[in-house]
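The values are calculated or read from the model by the stated rules, or taken from the named source; none is laboratory data. Values in this document were obtained by computation on a predicted structure and should not be read as measured data. Glycine gets a Cβ as well: all are built from the backbone with ideal geometry, and neighbour counts include every protein chain shown.
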Amino acid sequence: MENTYPDGDQIICADCGHEWSTQQSEETTAELVVRDANGNQLADGDSVVLIKDLKLRGSSSTLKMGTKVKNIRLVEGDHDVDAGSYMLKSCFLKKV
């Protein structure tokens with residue numbers, strides 16, 4: 001979430017241009033279903049592993065394949081997994 005910024009009622013990811021609302025709607029009150037790369041359902045507090053190297057935009061560093069991320073939080077939007085200081089897409093993760 002380093003490269004996100006608020007714009008009115010929206011939050012915008014400067015890296016990919018994805019926008020999502022800060023206000024909860026009726027759709028977000030329903031249970032959020034997020035699946036990993038293998039189709040397993042993820043839940044808040046799960047541990048996941050990266051299945052490929054991910055280059056961090058705006059930085060020269062890379063998150064390496066096999067990196068374990070503990071205690072994830074699921075959120076709405078394109079980057080649907082909050083991994084602390086990073087927002088990740090679930091298609092690059094595998095449940096441990």
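Tell me yes or no: at least one residue of the stretch 39-52 is among the acidic types (Asp, Glu), in a loop (DSSP other than H, G, I, E, B) and loosely packed, with under 15 Cβ neighbours inside 10 Å. Outline the logic, then answer.
Looking only at the stretch 39-52, we keep the residues that are among the acidic types (Asp, Glu), and these are 44, 46.
Subsequent filtering for residues that are in a loop (DSSP other than H, G, I, E, B) retains 44, 46.
From what is left, the residues that are loosely packed, with under 15 Cβ neighbours inside 10 Å are 44.
Yes: the stretch 39-52 contains one or more residues that are among the acidic types (Asp, Glu), in a loop (DSSP other than H, G, I, E, B) and loosely packed, with under 15 Cβ neighbours inside 10 Å.
Being among the aliphatic types (A, V, I, L, M), modelled with pLDDT under 95 and either surrounded by 14 or more Cβ atoms within 10 Å (Cβ to Cβ) or under 12 Å from LYS94 (Cα atoms) (or both) is a property that holds for LEU32.
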